[in-house]
1. Out of all the residues in segment 68-104, which are among the acidic types (Asp, Glu) and either more than 16 Å from the chain's Cα centre (by Cα) or at pLDDT below 90 (or both)?
2. Sort out which residues of segment 46-62 are of a type in the set (S, T, N, Q) and surrounded by fewer than 20 Cβ atoms within 10 Å (Cβ to Cβ), and write them in order of number.
3. Among (1) closer than 25 Å to TRP22 by Cα; (2) at pLDDT 80 or above; (3) of a type in the set (D, E, K, R); (4) surrounded by fewer than 17 Cβ atoms within 10 Å (Cβ to Cβ), there is one condition LYS140 misses while meeting the rest; what is its number?
4. Consider segment 22-52. How many of its residues are more than 19 Å from VAL93 (Cβ to Cβ), of a type in the set (Val, Ile, Thr) and at pLDDT 95 or above?
5. Within the bounds of segment 82-97, is there any residue that is out of contact with any helix residue (DSSP H, G or I) (no Cβ under 8 Å at 6 or more places or on another chain), among the polar types (S, T, N, Q), surrounded by 15 or more Cβ atoms within 10 Å (Cβ to Cβ) and assigned to a strand (DSSP E or B)?
6. Sort out which residues of segment 32-45 are surrounded by 15 or more Cβ atoms within 10 Å (Cβ to Cβ) and not charged (D, E, K, R), and write them in order of number.
7. Say we look at segment 39-80 and pick out the residues that are outside any loop (DSSP other than H, G, I, E, B) and β-branched (Val, Ile, Thr); which of these is nearest to ASP101 (Cα to Cα)?
8. Pairs under 7 Å by beta carbon, first residue β-branched (Val, Ile, Thr) in segment 83-104, partner loosely packed, with under 13 Cβ neighbours inside 10 Å and modelled with pLDDT under 90, six or more apart or different chains?
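The values are calculated or read from the model by the stated rules, or taken from the named source; none is laboratory data. In this text the structure is predicted, and so the values were computed from the model without any measurement. Glycine gets a Cβ as well: all are built from the backbone with ideal geometry, and neighbour counts include every protein chain shown.
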Amino acid sequence: MMRTGLFLASLLFAVPIHATNWHIAGKIEVPMLDDFSGYPKVLVQLISGGVWNSECGETLAEADGKFSLTCPSPWNWFSVKHLAVYHRFDDGVCKLNWFADISLDDGQTFKIDDSTKYRLTTKIALRIFIETLTILNLKK
């Protein structure tokens, strides 16, 4: 039993430490809308995918749709990354656009359309979204 524990502990220390950052810079594009002024803020989250999803980092998009996000890279054995965009462009209803399996290249454009849109209808999801925006606004 002791040998098994020592062997597993040595494997843990043999795994290289992954201390790089994930970075993505891009633009959120909404058809027929060049400027987000007058709309609620757009929240952009970088998600580490795989067996389960976990948030790496988040930021608010600028009025022209541009965003830049850097966060410490989480343990991600599968190298799967997703982008979540929360917005209220459709009659003030909170919606999520999910961009699956993205690459971390700068200059990408993420188009908000019906193929990537999910409606957030639960009160819990809306409350989490509002609280996140409130916290981000307090940090500025």
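1. If the condition is that a residue be among the acidic types (Asp, Glu) and either more than 16 Å from the chain's Cα centre (by Cα) or at pLDDT below 90 (or both), then ASP90, ASP91 are the ones that fit.
2. Within segment 46-62, ASN53, SER54, THR59 qualify.
3. Tallying (1) closer than 25 Å to TRP22 by Cα; (2) at pLDDT 80 or above; (3) of a type in the set (D, E, K, R); (4) surrounded by fewer than 17 Cβ atoms within 10 Å (Cβ to Cβ), LYS140 fails exactly one: (2).
4. Residues in segment 22-52 being more than 19 Å from VAL93 (Cβ to Cβ), of a type in the set (Val, Ile, Thr) and at pLDDT 95 or above: 1 in total.
5. Scanning segment 82-97 turns up no residue that is out of contact with any helix residue (DSSP H, G or I) (no Cβ under 8 Å at 6 or more places or on another chain), among the polar types (S, T, N, Q), surrounded by 15 or more Cβ atoms within 10 Å (Cβ to Cβ) and assigned to a strand (DSSP E or B).
6. Result: PHE36, PRO40, VAL42, LEU43, VAL44, GLN45.
7. ILE47
8. Note: pairs meeting the criteria are VAL93/ARG119.
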